[in-house]
1. Could you go through region 27-42 and let me know if any residue there is part of a loop (DSSP other than H, G, I, E, B), buried (at least 17 other Cβ atoms within 10 Å of the Cβ), assigned by TED's automatic domain parsing to the domain that holds residue 111 and in contact with a Lys or Arg (Cβ under 7 Å, 6 or more places away or on another chain).
2. Output the qualifying pairs, or none if there are none: Cβ atoms under 7 angstrom, residues six or more apart or on different chains, first residue in region 34-49 and within 15 Å of residue 274 (Cα to Cα) and modelled with pLDDT of 75 or more, second residue assigned to a loop (DSSP other than H, G, I, E, B) and among the β-branched types (Val, Ile, Thr).
3. Of all residues in region 141-187 being among the acidic types (Asp, Glu) and over 15 Å from residue 255 (Cβ atoms), which is farthest from the chain's Cα centre (by Cα)?
4. Hey, any hits in region 264-281 for a residue that's hydrophobic (A, V, I, L, M, F, W, C) and surrounded by fewer than 18 Cβ atoms within 10 Å (Cβ to Cβ)?
5. Does residue 28 count as among the hydrophobic types (A, V, I, L, M, F, W, C) and in contact with a Gly (Cβ under 7 Å, 6 or more places away or on another chain)?
6. Output the residues belonging to region 215-235 that are surrounded by 11 or more Cβ atoms within 10 Å (Cβ to Cβ) and touching a His at 6+ places or on another chain (Cβ under 9 Å).
7. If residue 4 satisfies every condition in (1) part of a strand (DSSP E or B); (2) within 16 Å of the chain's Cα centre (by Cα) but one, which is the exception?
8. Here is a check on your reading of the model: is residue 137 over 17 Å from residue 56 (Cα atoms), within 26 Å of the chain's Cα centre (by Cα) and not basic (Lys, Arg)?
Amino acid sequence: MKKILLIPHIKVHNANALSSPYTIGFPAMTAFLGCVHALQRNSGNGCFNDVNFKSVGVVCHKIDLQCFKGSEDYVYSIIATGNPLGKDGKRPSFIEDGRCHLDVSLLIEYEGITKDDQDEALEGITAALYGKMKLAGGDILKFDTPEFLKIFDSNSFKRLIHKLMPGYAIIERRELMEESMNKGMDAIDAMLEYLKIMHRSEKDSEGNVNWNSSRKTSGWIVPIATGFHGITALGKAENQRDPDTPHCFAESIVTLGEFVMPYRIKTIDHMLWHYHTDQESRLYICQQNTRKNN
């Protein structure tokens with residue numbers, strides 16, 4: 001049995017769409033797990049010290065990427081914000097971030113909240129979300145009433161699925177990249193192998209040209225940022241934010257994911273993500289409890 005806190009239809013304004021140095025679109029998984037970790041720390045105010053949010057599922061109902069492409073443009077452009085003019089009457093120089101508006105539901109596997117504490121816990125969670133908290137750098141505008149659920153059989157799981165429709169759960173598909181990389185491809189080529197669309201033409205016996213488009217595999221495959229790879233050893237850096245925590249320089253880890261409608265998922269562990277650390281390989285990542293292909 002799993003105890004799930006469902007926070008449905010969170011409306012987020014101006015979330016960070018630049019999930020990595022290489023991708024723009026849906027926010028990184030680290031942003032969602034980081035928000036839930038902050039919620040765990042802020043919602044109790046010392047009243048629920050034993051609360052633990054173990055893993056998180058993300059279901060996207062709507063995303064509005066703030067970009068624009070004119071009729072004669074080749075690429076999309078970021079819709080920039082109108083920032084105040086400087087003393088010289090010019091716009092200040094800065095690097096504009098890609099933004100998106102989101103409607104997402106979060107499934108949080110928890111432990112440490114008893115049935116008698118649920119009402120007080122919901123008050124603390126609601127107050128924290130409407131306070132200074134952000135989700136993926138965006139402002140939380142509103143959300144539907146959170147509720148505690150118990151998933152103990154197929155029927156209780158189906159009732160949860162009904163609450164998540166229509167929407168798309170993000171799941172991990174890094175086995176696709178692993179398969180290509182085992183054949184000798186580097187990481188970028190292995191990723192593009194599943195993202196590119198191949199357009200082919202054929203001429204029939206009458207001389208007519210027929211076009212068809214295809215991808216290497218079916219499904220809504222997308223690149224997702226799932227964590228960081230340390231490129232230096234743990235230590236201390238000058239002017240680091242937290243002097244008591246070891247520091248290292250890191251680079252983003254990007255792999256493949258897939259948006260899947262929840263009714264196609266057979267078990268809740270295929271939706272849930274958790275933190276994973278491999279100190280030997282310097283990996284600090286988010287990964288699924290159980291990958292769908294397994």
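The values are calculated or read from the model by the stated rules, or taken from the named source; none is laboratory data. Nothing here was measured: the structure is a model prediction, and the numbers come from that model. Backbone-built Cβ (ideal geometry, glycine too); neighbour counts: all protein chains shown.
1. Taking every residue of region 27-42 in turn, none turns out to be part of a loop (DSSP other than H, G, I, E, B), buried (at least 17 other Cβ atoms within 10 Å of the Cβ), assigned by TED's automatic domain parsing to the domain that holds residue 111 and in contact with a Lys or Arg (Cβ under 7 Å, 6 or more places away or on another chain).
2. 40/51
3. 153
4. No, that holds for no residue.
5. So residue 28 does not fit the description; no.
6. Correct list: 227, 232, 234.
7. (2)
8. yes
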